[in-house]
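All remarks here apply to the structure that follows.
The numbers here are math on the coordinates, done by the rules we state, and not lab data. Here the structure is a predicted model, which means the values were calculated and not measured. Quick reminder, even Gly has a Cβ in these numbers, built from the backbone with ideal geometry, and neighbours come from all protein chains shown.
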């Protein structure tokens, strides 16, 4: 069958949707060198987190008072077995960074997963049903948005007490607002399209329309936004841990490692600097990668 | 400047688009002649290359499209050899084009007055050089243009934005902007497709009217043979990137020579055909990538023979009348 | 075709009003929310096996009317009776069952198909929704059969809409509407977005399917040639009201309402270019937000007199089965002659 593309040959590049668009976007993304490098860095961190026990040279919680504040290997007093030096309790910083990546990445992913799921459900309901459902959800969103994020999370943590699950909840409590707003807007626009009306004309239920007709068509902007937000969540988690409200010691977390080194910053700069650097590199890589993702996949950023 | 009877002459124009699937030959060896003061109708379906032909004339083909070969002479001057800057000067002042979709063609962020003034400011040489006098002259001319295209109370509407106008009014505004510098050639790309019949009639009459008054030439790109029948002196039928038939409108419609033109005329539902079956052209426009050198209408033609499997040139079939079909015998014109 | 039996569809005094929400800001400012009578007190019948053409310009409410009949847009007032059942009173469950029998084909072959669904999913949806096929295999077989019928084939089952041309997409949309074997189809400008040669193919297909499957169409279009070609009766809409309705031959040969007359004269004609005197309507469709008083056409009507500005005309029978709503019907005027007369003077 000699179909489609030919008919509108010169404009073919501009029209169409679905599979080939996805492939074309993927190609565009792959051709973005900087974004691809960033993806590489993110993947590297993920691998570090998964295989931490095999990669880390030492037990991250093993203290050794003889190695208190031992400098990195290339400074006098350092040794190659403890590449990035040791902290005030003589724990290997490299190993703690490697283990700490588990916390950052896990919490980042978990919060975004929870928040995106909740946000999609709320956004779809608000955008599809409109009326009082929309008013209720939108007001809640407005209220949550009016709190400063970190202070809100600190308050919640203070109420719930520390712990991994509580951190995830404290951050997801507000994070869902972001995907919710995106989904609501896209749903409002999509529900007016003829194929949605066609499904209604055929007798489809609201559930079917939301999940089968609308959701697949609005997913890409949501995914793009969510990846960008992972970086945010990682910073927030680090901030909570830095303030002592995050993961409790002795579990290694980049935020608490930075906090640990605060007292020694003049004498032993490496204790705070390396975990800080880890946060910087991962967050930067996620940001650059997701921006590439956005440029490639979000139609609003295409020419 | 030559006092040639022909305002625009396009010779062997080939415009191609480089796509991942291959080279799309959107316009493949098209000749066009537009005489001074005439209205030429260009008819074809989507993918026929009718719009791309005239985007090429306007120098508006952008990557991945490019003009591969051919000459475009406007008043004897080859437009393909002009620099971007020289082309910009011609575009708008001497040739202007209106787009099918007025809503997207007009800038939503500028008022109608601003868009008109911009065009006048850039192209109108008769205005006072500078200062308040120039501004006033531009404003007066803008009001005059809106009045010309039949916008009620033009004075007060200059300050409005495109979205504040109805579809028909927007089309008029685009025509006003296109006409503001007083071009010698107006290319109207589907000017009425988006409009209702009663408004369509108004806009087409407006174009005919202004053409008669300003003595300019008009190229009317359309898919509607009815519009051509009522408004054009000559017509050019395009199919799959080529011209398949051309001649005076009356001739072509009353005595179509190419099977595609016949099919097109037979496809139009008409009151007079009630109860009788219409005979649509079967199949679809061929893929313009890697076409074999045969008649392009071959796959859909009800009259095809094996002789059609060779490339077919336009042949003269009467005075001022050409068609591209192997079944036609070349007529020697003295 | 012209059975005196009960009509398949009967619409009585149907209205659809779009009401803006009253917001606090508006209330403070003393602004009343907008209210648009998209469809205003419309009544008509469609007999089984007939094609009723509904013609009008954009914004006249013809698409809203088509959707209100199907309760895709909830009517504000009036009754829609389908095969003896009051559609407007149906519960959600009963309405879902009714959807199997009343379908719609949309104008835009690009917007009306979900870009992320395959043809098998799109066309097979009604089968799943109404439990008409048990297994996926059965769905695919049924879809393949109907695709075959509309001029596509089983090889297209797993493709996505963007892989098809406009004409093929419209065939997919038709297959989707027909797969549940409905009796009544609202065709909402099904050929307006298509190229001329493709348009003819689709018209032919729709007419064939109508005969084969015993369908009844409410065919909405702005194109008088299309309506004239395929409909048995025609209704002309202007600003939410039906101004003239009757057998197509009669209405088009002898239009009685000045709007119908001007509509017909505005259509460019391949057969007789410039033969007829054109009636040039002044201005454009008035804003439905602020419709004219009296006869809604008076602002553009070349025949308008005082009474037209004050009173809305009532529809009268002008010939068997042919009705029109105009104050000057009895004078039997032709817009064309009147305008010609004025111009001659």
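The eigenvalues of the Cα gyration tensor, multiplied by 5 and square-rooted, give segment B:135-256 an equivalent ellipsoid with semi-axes of 30, 15, 12 Å from largest to smallest. Peptide C:163-173 shows a mean partner chain C-beta count of 4 within 10 Å per residue C-beta. In terms of other Cβ atoms within 10 Å, B:239, B:298, C:110 run from fewest to most in the order B:298, C:110, B:239.
Among A:65, C:215, which comes first, then next, by fewest other beta-carbon atoms within 10 Å?
By the 10 Å Cβ count, ascending, the order reads A:65, C:215.
Which one of B:259, B:181, B:269 has the biggest mean-square fluctuation once chain B is modelled by GNM with Cα springs under 10 Å? Of B:259, B:181, B:269, the most mobile in the Gaussian network model is B:269.
Rounded to the nearest 0.05, what FRET efficiency is calculated for residue A:158 and residue C:137 with R0 set to 56 Å and r the Cβ-Cβ distance? It comes out at approximately 0.45. Rounded to the nearest 500, the 222 nm mean residue ellipticity of chain B from helices alone is -9500 deg cm²/dmol, with -39,500 (n - 2.57) taken per DSSP H run of at least 4 residues.
Remark: A:96, C:256 ranked as C:256, A:96, counting other beta-carbon atoms within 10 Å and listing the fewest first.
The angle separating the long axis of helix B:131-148 from the principal Cα axis of greatest extent in chain B is about 50 degrees. Helix A:270-297 and the longest principal axis of the Cα set of chain A meet at an angle near 10°.
Only alpha carbons enter this Debye calculation for chain C, each as an equal point scatterer, and the log10 of I(q)/I(0) it gives at q = 0.12, 0.13 Å⁻¹ is -0.93, -1.06.
In plain terms, the C-alpha convex hull of segment C:1-134 casts an average shadow of 12.0 nm² when viewed from every direction. Largest GNM mean-square fluctuation among A:80, A:269, A:254, using chain A with Cα springs under 10 Å: A:80. Note: relative contact order over chain A, using C-alpha pairs below 8 Å and six or more positions apart, is 23 percent. Axis of helix C:166-178 versus longest Cα principal axis of chain C: the two differ by about 80°, to the nearest ten degrees.
Applying 1/(1 + (r/R0)^6) with r as the Cβ-Cβ distance of residue C:17 and residue A:117 and R0 = 35 angstrom yields a FRET efficiency of 0.35. For the residues C:197, C:262, C:334, a GNM of chain C with alpha-carbon springs under 10 Å puts the largest fluctuation on C:197.
Label-to-label distance, residue B:307 versus residue B:20, with points set 7 angstrom from Cα along the beta-carbon direction: 4.4 nm.
Modelled this way, with points 7 Å down the Cα-to-C-beta line, the labels at residue B:111 and residue C:306 are 4.1 nm from one another. From largest to smallest, the equivalent ellipsoid semi-axes obtained for the protein assembly as shown from the alpha-carbon gyration tensor read 59, 37, 30 Å.
Peptide C:120-129 shows a mean partner chain C-beta count of 3 within 10 Å per residue C-beta.
For n ≥ 4 DSSP H runs only, could you compute -39500 (n - 2.57) per run for chain C, divide by its residues and tell me the 222 nm figure to the nearest 500?
Working: 12 runs with 117 residues, N = 345.
One gets -10000 deg cm²/dmol as the mean residue ellipticity at 222 nm.
Shielding of peptide B:276-289 by partners, expressed as the average count of other chain Cβ atoms within 10 Å per residue Cβ, is 6. Restricting the calculation to Cα atoms, every distinct pair contributes to the Kirkwood radius of segment A:21-301, found to be 20.7 Å. Extending 7 Å from the Cα toward the beta-carbon at both residue C:94 and residue C:77 defines two label points whose distance is 2.3 nm. With N as its number of residues, segment B:192-269 has a Cα radius of gyration that, divided by 2.2 N^0.38 Å, comes to 1.15.
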